[in-house]
Every structure is written in structure tokens, then in C-alpha cells.
Amino acid sequence: MTNLYLKRRFISLLVLISAVFAVFISRLVNWQIINHWYYRIRALQNHSYILKTDPIRGEIFDKFGSALAANSIGYRLVLDDFNLIKGKEADCIYKIIHLLNLLNIEWNDTLPIVLNSNGKFEFDYSDESKLELMKKEIPAKNSSDPNSYIDYIKKKINGQSLSGKMLRDACSLYYGTRGNNVIADKIDDKAIFKIAEFGIPGFRIETSTERYYPSGTIASHILGYTGLMSAEEYAKYKEKYSMDSIIGKSGIEKLFEEELRGFGGKRAFHFSKEGSLNSVDEIIKPQQGNSVFLTIISSLQQAAQDSLEKAIKTAASKGAKGCTSGAAVLLDVNSGEILAAASCPTFDLSRYSVDKSYRSELINDKNLPLLNRAFSGIYPPGSTFKPLILAAALNEGVLNGTEETINCTGAYRYYTRGTIRCTGHHGDANLLKAMARSCNVFFAELGRRLGLNNIEKYAKELGINGKTGLELSEASGTICDLEKKAQYASAASQAAIGQGDVSITALQLAKIAAGIASGKNFKPRIVSKIMNYDHSQDLKIFESEFEPLNISEESLNLTRQAMREVVLTGLATDFKNYPVSVAAKTGTAQNAGDDHTTFMGYAPFDNPKVAFAVIVANGKYGSVSKSVAKDMLDACREINYF
């Protein structure tokens with residue numbers, strides 16, 4: 001009974017499986033044999049294509065979270081291969097070039113071939129990396145003949161009807177769209193309307209993420225700028241980037257490229273045979289870059305920038321010849337943070353990235369507006385170098401505190417050659433009087449007693465004999481050129497008054513003031529932390545490392561008192577009644593034109609919080625550099641920084 005039951009169950013199961021299999025076979029026959037062409041045509045009539053989506057670049061903020069470099073939604077023009085009229089590609093391409101030129105829109109012109117005055121094609125050797133890349137990418141028949149590359153692209157775009165510059169530009173536009181098909185970035189509303197109005201087949205407008213700068217021109221040198229990859233950059237980073245990638249070119253944008261960059265995604269667009277969009281699938285989601293927070297405080301940076309520009313204009317209007325530039329730096333002496341770093345002349349980052357003529361104007365400007373003078377401008381410090389010399393002399397025991405005096409007769413004539421003039425006849429001067437009156441004779445004698453080796457030693461002790469260790473690019477300056485030591489006997493005395501071979505940056509000058517104020521050496525920094533894009537998580541926090549100076553507290557205290565005396569009875573009595581106690585040193589540095597004016601110091605005197613340095617090149621009048629320092633301190637008071 002049991003066996004019969006099992007046999008019937010087995011037969012029933014076999015029949016069921018056979019029926020299912022028969023249905024499957026019949027459907028397969030229908031698809032593959034009976035209606036083969038129907039389904040094949042239907043499949044061909046539907047099509048899909050994949051587009052890359054932009055990475056979302058991380059943003060840059062000041063210390064308190066105010067945006068300095070942010071993202072906005074913009075528009076760009078791209079080549080749409082699907083809608084180019086077959087056989088008339090070149091005509092369509094040239095029409096869009098003509099329209100872009102009329103609208104004054106810069107397009108992606110990267111083909112390293114130009115048309116010479118004789119109407120012949122020749123290679124453009126101005127950027128050999130571009131030329132090398134083109135030769136790798138295009139399988140030309142004759143790699144030494146530019147016509148061979150033009151012919152290859154001309155065939156691709158059916159450009160037989162074009163010649164000369166029209167052909168060259170059409171080839172360049174098509175060549176420049178490899179990768180993500182981008183023709184032009186930052187298309188404005190007016191251009192969108194015109195492009196849509198002309199309706200040239202094969203081109204469309206897409207949304208894109210663009211950089212903008214909410215705070216205007218402040219900190220332009222620090223932030224840096226972004227742009228399309230060059231051929232050389234692509235050759236170096238092609239494992240990580242596509243040819244059309246936007247990357248950091250300078251400043252923070254470049255230094256923190258890995259943190260800021262983000263990663264693009266991919267979307268699949270599925271169309272019906274009629275061309276209507278059926279669906280969109282996000283194959284790979286774009287990843288946001290991280291946020292970089294600087295130590296800069298926007299209000300302090302703005303105050304420094306505005307005041308520096310005003311000071312330069314004031315000096316020039318009073319007759320200072322060649323006064324067009326300067327730098328100002330504000331440091332937190334306890335954290336090593338750069339609170340402000342202004343460089344003048346500056347530039348507008350928003351225009352720099354989109355306006356080719358503006359960019360060219362900046363590059364060719366003899367005043368070098370692209371140079372970050374706060375970190376890379378090198379100047380003789382003049383008398384603002386004297387606090388370092390005083391601290392060194394006291395610590396080395398070559399000066400006996402406030403008791404010792406040196407007689408000033410108006411000139412230092414120790415050497416048979418190389419008399420050093422003083423600003424007055426100061427008579428017997430101790431360190432307080434000498435610093436207050438900025439007596440060259442007093443400090444020239446200290447320089448002689450110290451010698452160049454010791455001056456270099458203490459410059460190193462304060463962390464300025466070379467680069468400071470800042471994250472961004474900076475100049476190292478020159479403290480003492482020991483190779484010239486034997487060339488003239490008065491070298492150490494010249495160095496002691498901030499002349500001769502001594503040249504430093506505004507950042508280094510501020511660092512001298514900070515070191516004397518705090519008694520510590522540190523690497524200044526301009527980056528506070530890195531967070532994820534939505535600021536919900538700290539990824540990395542930066543802190544400066546401090547080391548005590550190998551200078552006695554007694555030597556530092558006497559140097560601080562001398563700097564305070566400059567404010568109480570000396571050349572900076574402008575700050576005598578300032579609401580916050582200030583210690584400072586003025587300076588005038590001789591050069592080929594009108595003298596540079598320098599000013600450095602720290603505040604408050606009894607509980608130092610900030611150190612400052614101001615250099616106005618060819619400023620002539622000391623009042624202009626002091627006015628910048630006052631404005632920076634006023635800005636600190638406004639936000640209750642001390």
C-alpha cells in the first residue's frame with residue numbers, strides 16, 4: 001500500500017515538472033525563433049547611456065564656520081554625441097564655437113596645434129606636456145606632422161567642409177570634450193537662453209557644482225583656486241581623475257585636494273524608441289568631499305586687508321614713490337594660529353577662475369598681485385629686527401642689563417670702512433632708551449659683540465632661520481649670509497639693525513614678536529581641523545607644537561620691557577593710551593626706492609594673546625604701518641578676543 005502511494009506521488013511530480021518545462025520551452029521557442037525579429041527590433045529601439053555626475057567638492061570655512069569657499073549650482077555646456085547630426089558634426093561644432101565667441105564664453109580649447117601666419121598648422125610647444133599627451137591619445141599616421149592629427153580628428157567629425165582656423169577650432173573643441181564631454185563651464189542665464197534659442201543639435205546645458213566665494217576678495221592667496229586638470233596633471237594623476245576633473249591649483253585648494261575632492265558618481269538614462277526618458281538609475285552615488293576649517297577669522301582678515309589697502313593708498317597720496325604693496329600678519333601667540341594674513345595687491349577669485357582676460361591681466365601685472373606677500377614676500381626688517389638682537393645679547397652675556405650704556409654720537413665708526421649712521425645723537429643709552437629711540441649705534445655695537453654666528457643661532461632659536469613650517473608655500477628669507485662674512489667687517493653690525501643680508505617675511509616678523517611674548521617657539525599654522533561635509537564629525541584636529549626658547553626669562557623680560565618702552569616714550573606713542581597695553585617696535589628699511597616701513601609687536605603686554613607684523617613696501621611714513629596694526633587690534637577688541 002505504501003509503495004503504491006509513493007509511486008503515484010512520484011508520477012504526479014514528474015508530470016508537473018514536465019508541464020513546467022514544456023511551458024518554458026514554448027516561451028523560449030517563441031522568443032528565439034517565432035518572434036525573434038520582433039524582440040530584437042524592440043531591444044534596439046530602446047537605448048540607454050551612462051553619464052558621470054560631478055563630485056561634490058568639500059568647502060572651506062574660517063575658524064568660526066563662516067564660508068570662505070563654498071559650492072553653488074551652476075550650468076555648463078556639454079557635447080551630446082547622440083544628437084549630433086550624422087555627417088554634419090563639424091558644421092554643428094563650428095556653429096557652437098561661433099556662438100560661444102559672440103557670448104564671450106571661454107571654451108575648453110586644449111589642442112596643442114596652432115595656425116601660423118602662413119596659414120599652416122604647427123605644434124604649440126608652449127606646454128610640451130599637452131603635446132605629449134595628444135600624441136599618446138591620437139594614433140596619427142605621422143607623429144611629427146601636425147596635419148596628421150588634424151586629419152584624424154577631421155575624419156571623426158566629418159570636417160571636410162572646414163579649413164584654416166575654422167577647422168582647427170572645431171578639432172580642438174571636439175578633442176577637448178574627451179572624458180565628460182564638457183565644452184564650457186560657468187554658463188550664465190543669458191547664455192543659456194541664447195544657446196537654447198539657437199537650438200544647435202548635439203549640445204545641451206547641464207547643471208554643475210561651482211565654487212563661489214561669499215567673502216569676496218579676502219584671503220584669496222590663502223584659499224587658492226580650482227580649475228580643469230592640465231595635460232601634465234592628468235598624466236600624473238589619471239589613476240584617480242578623469243581628464244575633465246576640477247582640482248585645486250594653489251593654496252588650500254591644492255594643499256588639501258585629497259580631503260576636498262569628493263568622488264563623482266554615474267547615472268544610467270533609459271530612453272524609449274521615441275526618445276522619451278523612461279527612467280534614471282543611479283549606478284554609483286557621488287561622494288562629498290570633506291570640509292576644511294582654517295584658523296583665519298573672517299572679520300580680522302577683512303580688517304587687515306581693508307586697512308592695508310588704505311595704508312598703501314595713503315602713503316602713495318603723501319608722496320611715497322612706488323608704494324603699491326604690503327603685507328600684514330596676526331598670530332595667536334598661545335595656539336600658533338594665524339588669525340589674519342593679508343597681502344596687497346590682492347585679486348578676485350570669482351573672476352580669476354572664469355575671466356581669461358582678467359587672469360592674463362593679473363599674470364602680466366608688474367605689481368605681482370598673485371604673490372602672497374604675507375608668506376612669500378621678502379623684505380629687510382629694519383629696526384624691527386632689534387628685539388631679537390637684544391634678547392640674544394642679553395642671553396649671551398655681552399650686554400649687562402639696563403645698567404650698561406653705549407654712547408651714541410650719531411654714527412657708529414668702529415670699522416675703518418662701513419660707517420653706520422644713526423637717526424640722532426642719543427648720548428649714553430641703555431637698552432630701554434636705545435630701543436625706544438631705535439638707536440643704530442647701540443645695536444650695531446651689540447651686533448659686533450655677538451657676531452654673525454650668534455645672530456644666526458638666535459634666529460634659528462626663534463624659528464625664522466629658514467622656513468617656519470607653515471602648511472602653505474612660503475619663502476625662507478635670509479638672516480645671515482655666512483659666506484659673505486669675510487667680505488666686509490661690518491656685516492654683523494649691519495645685520496643687527498635689520499639691514500645688509502637680512503631679509504624676512506611678514507610671517508617671520510610676527511613670529512619674532514610671538515616668540516618674545518610667549519617665550520616659546522612653534523610652527524605657525526593656518527588649518528584648524530577637517531570635518532565631514534555636513535560637519536557632524538571631526539576627522540582631524542590640528543595643533544601646534546611648542547618648545548621653550550633657550551633664552552632666559554630674565555633676558556626675555558628685559559626685551560619685553562624695552563618693547564613696551566617704545567610705546568611709552570619712543571616712536572610708537574600712538575599706542576600709549578590704547579585701551580589694551582601694547583609692546584612694539586617700529587622699523588624703517590632702506591632700499592633702492594623710498595624706505596619700507598615696518599611695525600611689529602604684541603598685545604596685551606601683561607598677558608599676551610596676539611602678535612602682529614606689518615610691512616608697507618616703499619611706504620616711507622611709519623604712521624601707515626602703525627595704522628594697520630591699530631585696525632587689526634581694534635578688530636580683535638570688537639570680537640572680544642582679549
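Residue count for segment 231-258 satisfying the condition of being within 17 Å of the chain's Cα centre (by Cα) and either open to solvent by less than 30 Å² (accessible area, probe 1.4 Å) or among the hydrophobic types (A, V, I, L, M, F, W, C) (or both): 9.
Taking segment 29-133 and the strands (runs of 3 or more DSSP E) fully enclosed by it, the elements with 3 or more residues that are at pLDDT 85 or above are at 67-79, 113-115, 121-123.
Scanning segment 376-399 turns up no residue that is touching a helix residue (DSSP H, G or I) at 6+ places or on another chain (Cβ under 6 Å), modelled with pLDDT of 95 or more and closer than 21 Å to Ile218 by Cβ. Applying the criterion of being over 20 Å from Gly119 (Cβ atoms) and in contact (Cβ under 8 Å) with a residue 40 or more places away in the chain to the residues of segment 132-155, the residue that is least open to solvent (accessible area, probe 1.4 Å) is Met134.
Just to be sure before I move on: is Ala562 crowded, with 21+ Cβ neighbours inside 10 Å, closer than 13 Å to Ala436 by Cα and out of contact with any Leu (no Cβ under 9 Å at 6 or more places or on another chain) in the structure I sent? The answer is no for Ala562.
Yes/no per residue for (1) part of a loop (DSSP other than H, G, I, E, B); (2) surrounded by fewer than 24 Cβ atoms within 10 Å (Cβ to Cβ); (3) among the aromatic types (Phe, Trp, Tyr):
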| residue | (1), (2), (3) |
| --- | --- |
| Asn591 | yes, yes, no |
| Phe599 | no, no, yes |
| Ala629 | no, no, no |
| Met632 | no, no, no |
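Within segment 74-120, the set of residues being over 37 Å from the mean Cα position of the chain (by Cα), open to solvent by less than 50 Å² (accessible area, probe 1.4 Å) and not small (Gly, Ala, Ser) comprises Leu84, Glu89, Cys92.
Every residue, every condition in (1) at pLDDT below 80; (2) closer than 29 Å to Phe375 by Cα; (3) not in a strand (DSSP E or B), yes or no:
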{"position": "Arg211", "(1), (2), (3)": "no, yes, no"}
{"position": "Pro214", "(1), (2), (3)": "no, yes, yes"}
{"position": "Gly227", "(1), (2), (3)": "no, yes, no"}
{"position": "Glu232", "(1), (2), (3)": "yes, yes, yes"}
{"position": "Ala235", "(1), (2), (3)": "yes, no, yes"}
{"position": "Glu239", "(1), (2), (3)": "yes, no, yes"}
{"position": "Ser242", "(1), (2), (3)": "yes, no, yes"}
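Quick one: Pro608 ticks every box in (1) touching a residue at least 60 places away in the same chain (Cβ under 8 Å); (2) open to solvent by less than 50 Å² (accessible area, probe 1.4 Å); (3) outside any loop (DSSP other than H, G, I, E, B) except a single one, so which number is it? Only one criterion in (1) touching a residue at least 60 places away in the same chain (Cβ under 8 Å); (2) open to solvent by less than 50 Å² (accessible area, probe 1.4 Å); (3) outside any loop (DSSP other than H, G, I, E, B) is unmet by Pro608, namely (3). Residues being among the aliphatic types (A, V, I, L, M), at pLDDT below 90, closer than 30 Å to Lys254 by Cβ and open to solvent by less than 20 Å² (accessible area, probe 1.4 Å) are represented in segment 474-496 by at least one member.
Ala436 meets the stated requirement of being in a helix (DSSP H, G or I), under 20 Å from Thr569 (Cα atoms) and not aromatic (Phe, Trp, Tyr). Cβ separations smaller than 8 Å between residues 6+ apart or across chains give the following pairs from segment 433-446 residues that are of a type in the set (Asp, Glu) to residues that are open to solvent by 10 Å² or more (accessible area, probe 1.4 Å) and in a loop (DSSP other than H, G, I, E, B): Glu445/Tyr414.
Among the residues examined, Ile192 qualifies as among the hydrophobic types (A, V, I, L, M, F, W, C) and either outside any strand (DSSP E or B) or more than 32 Å from the chain's Cα centre (by Cα) (or both). Which one is least open to solvent (accessible area, probe 1.4 Å) among residues in segment 525-559 that are charged (D, E, K, R) and not in a helix (DSSP H, G or I)? The extreme case among them is Arg525. In the set (1) out of contact with any Ser or Thr (no Cβ under 8 Å at 6 or more places or on another chain); (2) part of a helix (DSSP H, G or I), the condition left unmet by Tyr488 is number (2).
Filtering segment 318-349 to residues that are among the charged types (D, E, K, R) and more than 17 Å from Ala374 (Cβ to Cβ) leaves Lys318, Lys321, Asp348. Looking across Phe575, Phe605, Phe599, Phe612, one residue alone is modelled with pLDDT of 95 or more, hydrophobic (A, V, I, L, M, F, W, C) and closer than 20 Å to Ala495 by Cα. It is Phe599. If you filter segment 439-449 down to residues that are open to solvent by 10 Å² or more (accessible area, probe 1.4 Å) and touching a helix residue (DSSP H, G or I) at 6+ places or on another chain (Cβ under 7 Å), you find that the one that is farthest from Thr419 (Cα to Cα) is Arg449.
Only one entry in Lys321, Lys249 is under 22 Å from Glu474 (Cβ atoms) and touching a Gly at 6+ places or on another chain (Cβ under 7 Å), namely Lys249. Filtered by the rule that a residue be open to solvent by 10 Å² or more (accessible area, probe 1.4 Å) and under 21 Å from Ala340 (Cα atoms), segment 373-391 gives Arg373, Ser376, Ile378, Tyr379.
Among the candidates Glu132, Glu122, Glu137, Glu106, the residue that is among the charged types (D, E, K, R) and closer than 26 Å to Thr207 by Cβ is uniquely Glu106.
Note on segment 297-416: enclosed strands (runs of 3 or more DSSP E) holding 1 or more residues that are of a type in the set (D, E, K, R) and on the phi < 0 side of the Ramachandran plot are 326-332.
The values are calculated or read from the model by the stated rules, or taken from the named source; none is laboratory data. On a predicted model such as this, the values are computed, not experimentally measured, just so you know. Methodologically, a virtual Cβ is constructed for each residue, glycine included, from the backbone with ideal geometry; neighbour enumeration extends over all protein chains shown. Heads up: the accessible areas ignore ligands, DNA and RNA and are worked out on the full protein's heavy atoms, side chains in. Shrake-Rupley method; radii C 1.70, N 1.55, O 1.52, S 1.80 Å.
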